[in-house]
1. Which three extents, in angstrom, do the Cα atoms of the protein assembly as shown have along their principal axes, listed largest first?
2. Can you check what the Kirkwood hydrodynamic radius comes to for the range B:97-180, Cα pairs only, in Å to one decimal?
3. Give the relative contact order (percent, whole number) for the range B:32-124; include only Cα pairs under 8 Å separated by 6+ residues.
4. Stretch B:ASP164-B:HIS51 to full length: gain in nm at 0.36 nm per residue minus the Cα-Cα span?
5. Efficiency by 1/(1 + (r/R0)^6): what FRET value for A:GLU128 and A:THR67, r their Cβ-Cβ distance, R0 = 30 Å, to the nearest 0.05?
6. What accessible area, summed over both chains, is buried at the A-B interface (1.4 Å probe, Å², nearest 100)?
7. Round to the nearest 10 and give me the degree value, 0 to 90, for the angle of helix A:163-175's Cα axis relative to the longest principal axis of chain A.
8. At 1.4 Å probe radius, can you tell me the per residue accessible area of chain B in Å²?
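The values are calculated or read from the model by the stated rules, or taken from the named source; none is laboratory data. As the structure is a computational prediction, the values presented were derived from the model and not from experiment. Because the Cβ atoms are built from the backbone with ideal geometry, glycine has one as well, and the counts that use them run over all protein chains shown. Protein only, heavy atoms only, side chains kept; ligands, DNA and RNA dropped before computing areas. Shrake-Rupley method; radii C 1.70, N 1.55, O 1.52, S 1.80 Å.
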There are 2 protein chains.
Amino acid sequence: MAGQRTPQRADSRRNRERLLAAASEIVERDGASASLEEIARRAGVGSATLHRHFHSRRELLTEVFLTGVQQIVERAVELNAGPDDNALAVWLDELVRYTASTRGLAVSLGTRGEASGCHGLLEDVATELMASAVKAGRLRPGISPTDLLAVVNGIATQAENDPDMGSRLLAIALEGIGPV
Amino acid sequence: MAGQRTPQRADSRRNRERLLAAASEIVERDGASASLEEIARRAGVGSATLHRHFHSRRELLTEVFLTGVQQIVERAVELNAGPDDNALAVWLDELVRYTASTRGLAVSLGTRGEASGCHGLLEDVATELMASAVKAGRLRPGISPTDLLAVVNGIATQAENDPDMGSRLLAIALEGIGPV
């Protein structure tokens with residue numbers, strides 16, 4: 001009997017992963033009002049399965065949000081281990097694009113609760129990327145991670161649902177306005 | 001009889017100006033919930049006089065907001081006519097500090113109605129300051145006024161009621177993150 005439960009659990013885990021992947025895509029396109037039916041359909045499962053895994057829209061959206069943050073954190077670690085001198089700027093661009101795309105989601109979840117711990121996580125990985133960038137001569141010392149993330153976040157508020165605008169504004173801030 | 005009306009009108013105009021000056025100071029400190037009684041007291045007039053000049057809190061707040069925008073626009077013209085090569089950066093700093101201080105006010109008034117025309121005014125004066133800055137070799141060409149004001153506005157959203165933080169974040173964006 002115990003042997004039969006393993007494939008069921010694997011199925012369940014796979015369904016959950018497919019639901020989260022589908023939800024991420026559709027939430028990125030439609031924001032917090034994304035259709036749960038469409039998410040279930042895209043994941044290839046029924047609505048009942050979706051509701052068994054996620055008891056409310058808020059629970060699903062929170063998981064989508066946390067999954068996104070986790071990916072951004074993992075991406076920072078990956079970039080920081082890689083050879084690119086410009087890792088910080090690459091990561092900040094990915095961050096501003098993600099934040100611009102999913103800002104409606106963050107606003108609808110509010111800044112309290114599950115999401116509030118994320119700021120510390122992002123600040124930790126930003127601190128490491130910034131230390132590498134200073135060593136590589138790509139960042140002047142003396143800028144705090146809190147301030148740099150505040151600039152990125154501020155830019156994302158102006159580029160809601162427009163990641164290209166987010167990239168463009170970030171480039172101004174990273175390069176400065178002075179002539180090259 | 002006509003002769004008597006002139007000093008009355010001058011009194012009335014003076015009261016209105018004193019009310020607006022008092023309201024600007026108190027709204028900058030307390031935001032949109034500023035006490036109307038305190039504003040009248042500071043202006044040295046009675047509450048009835050305040051209500052004769054401004055029929056609602058919203059009307060007073062709108063006038064405070066428009067007066068602030070007008071001062072920022074006049075300041076841009078003044079700086080642009082002056083000898084300072086760095087006029088654009090000085091003005092952007094004043095703008096981010098003002099916007100950070102009065103963001104609660106702008107949010108409470110909403111972005112529609114009387115306030116919506118202001119963005120065009122600010123963009124016009126920013127365009128002129130930017131043209132001078134490019135000529136003076138203080139600004140690289142190719143940055144649009146819309147984008148630059150969006151960066152400033154985004155920063156102000158992160159520095160609500162903290163103009164010093166606004167200045168600090170703006171300095172990062174104007175100088176860029178690269179080593180000097």
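1. Taking max minus min along each principal axis of the Cα atoms, the protein assembly as shown gives 105, 48, 28 Å.
2. Kirkwood radius, the range B:97-180: 14.0 Å.
3. Worked out over the range B:32-124, it gives 34 percent.
4. Working it through step by step, the gained length comes to 37.2 nm.
5. Taking R0 as 30 Å, the efficiency between A:GLU128 and A:THR67 is 0.90.
6. When A and B are taken together, about 2500 Å² of accessible area is lost.
7. 30
8. Heavy-atom accessible area per residue stands at 52 Å².
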